[in-house]
Every structure is written in C-alpha cells, then in structure tokens.
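**Q** Structure incoming, see below.
Each value in this text was obtained by applying a stated rule to the coordinates, not by laboratory testing. Keep in mind that what you see is a predicted model, and the values were worked out from it rather than measured. So basically every Cβ, Gly included, is an ideal-geometry build from the backbone, and we count neighbours across all protein chains shown.
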Amino acid sequence: MADLTTKLAGITMKNPVMTASGTFGYGVEFADFVNLEDIGGIIVKGTTLLPREGNDYPRMVETASGMLNCVGLQNKGVDYFCEHIYPEIKDIRTNMIVNVSGSSLEDYAECAARIDALDHIPAIELNISCPNVKQGGMAFGVTTEGAAAVVKAVREAYHKTLIVKLSPNVTSIADIALAVQDAGADAVSLINTLMGMVIDIEKRKPVLSIATGGMSGPAVKPVAVRCVWQVAKAVSIPVVGLGGIMNAHDAIEFFLAGASAIEIGTANFIDPAITVKVAEGISEWLDQHGCKSVNEIVGQLEVS
C-alpha cells in the first residue's frame, strides 16, 4: 500500500486527511461512528477567548450542492476548553488542533497563549475571517495588513505550529498568503467559506437570521482548487486544501494543485466516517497509479 504519512510544518500525520473546524465538534462526538485515531488530524470547533452565544436561529440552510451557515462561533471560551474539553481529547492518538478566533489582536494572542500551554495540542489553526471590532468590523483576513498584524501578534504568543486559515472573499488570496507567511505562519489552510445568501421569496426575507452566511459544500470546490493552486505557487510554506471535498477523487485534485494535506467539512454531516473512507480511497488511487507515497503527487499538476 502507498505511504500516506504526511509532514506538515513540523507535524507528522499518519495520513493527510483532517477534519474542518466546526463540522466535527471536538472529535469525541464522532467516536461512535469512526476510529478517531485513523484520522490524520482533527481540527476542533472554533474557540475564542471569552464565551460566545453565536447568532440567532435560523443559522443553517441547505442550498444547491451545499449549505450556508451563520452559527457565529458559538463556544464556551478557551478556559472552558482547557478545563473540560482538553482532558477528554488529550489522549486521542492523532493530531488534535484547535481553531482560534478573535475580535481583536489582544483576544487572538491571549487565546493562543493559553492553548500554547497544553502539551497535547501540537498546532492551532488561526481563523482570520473574524471582524476586527476596532476597525469598523472589517475582517482581519481581507487585507494584507490586517492578516499580517493578527499573525504577528499570535506568533509572539504562540510557539508551536501555526496554520492560518484564509478567506476566499478577497481580491488576491495569494497576496494574503504571502503576507501571513512573512508574518510567521508555518502553513496556510484554504478556503474558508464563501459569503452567500438565500431568500424566502414568499416572506421576502433572508432565510438566515443575519441575512448572509458562509457557503460550503461541493459547489465551492472549483473555487477552492483554484485558490490552492494560486497560493501553492506563491508561498514556500505547506498548503492545506479544503472546500467541497466529498470523496478521494476530490482530494486528489487538491494534492495535484499543491496541497500537502486536506480537510473535510460539510461531508461529515452526510457521512460521519467520510474522513477514513477518503484516506482509504487516496491509498487505492495511489496504488492504481504506481505511486509509493502521497507526497509524489503534491503540486504535480501539468499546466501547458
């Protein structure tokens, strides 16, 4: 069988398949459906410095080949995570990674610093798509200056592997990737959700409580693959690809485009064991094509 072992910015993974934050809880919720230790990495739901209630309902709606959500980072805060969740997940023998969000540079840095103290969390994934409350609500990740500022602040407080999750809702995602690389990111993951809207035409109102939400699922995959290809050509740090991956075929596209690892999100709602099935499918494809390692196909897209 092909070797699926993957190195990602200092982290060794048994395979390149991870779960996307917000779609897999803290991992333990899926233990009845899949062996968590067969997954290359589990990125737990978004964690903030202080507890957040999230947005009002409705905050999720299906759409053609995907879904929109505006959950709003509902969580009980980093102290609750450290005291109650961490003891439950620290001995799971895979890479447990925490997705960190914030509304100010200070929030991001302090939240990251508290997770830095946890021995069995080898990395964080930084969600820079959150609004900066001190700059009129504009998300950190939509400008090179904002993205670099939050990464620099976290880099000073956090000393393990730092993965930065990039938004596609920008003019040039490659420029943002270069900015976070220069500011100290060890890897980038992309894409976060695309902004979308669904309207109830009988009520003449948006379906979601805050009108817009983040779109995910198969419909966003071509956009995600394009973004990964552009970013992988621009940066020298590893790229993690996500966005609409439903099967091993989808995953292979991301590897060829330049991703060293992938995350599966929306598909977890359809099949809670999809991560392991995709890893097995990747192995089968590599065997069929005479590849000894998944690393052989990373970035091997032939563009004439």
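**Q** Please state the relative contact order of the chain as a whole percent: Cα pairs under 8 Å, 6+ residues apart? Write out the running numbers ahead of the final one.
**A** Working: 727 pairs, mean separation 62.2, N = 304.
With pairs under 8 Å counted, the relative contact order is 20 percent.
**Q** Cβ neighbours within 10 Å, averaged per peptide: list 195-203, 219-227 in order, most packed at the top.
**A** Values: 195-203: 11.9, 219-227: 20.0.
In decreasing order of mean packing, 195-203, 219-227 become 219-227, 195-203.
**Q** Pull up the cross-link candidates among the aspartates and glutamates for Lys134, meaning alpha carbon to alpha carbon under 16 Å and not fewer than 8 places away within one chain.
**A** Glu106, Asp107, Glu145
**Q** Taking every DSSP beta bridge that has both residues in the stretch 6-297, what percent is antiparallel when rounded to the nearest 5?
**A** 40 percent
**Q** Oh, and also: Among residues other than Ala251 whose Cβ falls under 13 Å from its Cβ, what is the net charge (Lys/Arg +1, Asp/Glu -1)? It would help to have the intermediate numbers written out before the result.
**A** Values: positive: Lys221, Lys277; negative: Asp250, Glu253, Glu263, Glu280, Glu284.
Residues close to Ala251 contribute a combined charge of -3.
**Q** Helix-only mean residue ellipticity at 222 nm, the chain, DSSP H runs n ≥ 4 weighted -39,500 (n - 2.57), per residue, nearest 500. What is it? Intermediate values should be presented prior to the final figure.
**A** On the way: 8 runs with 84 residues, N = 304.
One gets -8000 deg cm²/dmol as the mean residue ellipticity at 222 nm.
**Q** Starting from the Cα of Glu83, step 7 Å along the direction of its Cβ; do the same at Glu202; then give the gap between the two resulting points in nm.
**A** 4.6 nm
**Q** Net charge near Thr193, counting Lys/Arg +1 and Asp/Glu -1 over other residues with Cβ under 15 Å of its Cβ? Don't skip to the end; give the middle numbers.
**A** On the way: positive: Lys45, Arg59, Lys165, Lys221; negative: Glu62, Glu125, Glu263.
Around Thr193, the charge tally is +1.
**Q** For a 19 Å ceiling on Cα separation, which of these pairs sit above it: Lys14/Lys277; Lys233/Lys277; Lys165/Lys277; Lys45/Lys165? Provide the component values of the computation, followed by the final result.
**A** Working: Lys14/Lys277 14 Å; Lys233/Lys277 29 Å; Lys165/Lys277 24 Å; Lys45/Lys165 13 Å.
From Lys14/Lys277; Lys233/Lys277; Lys165/Lys277; Lys45/Lys165, over 19 Å: Lys233/Lys277; Lys165/Lys277.
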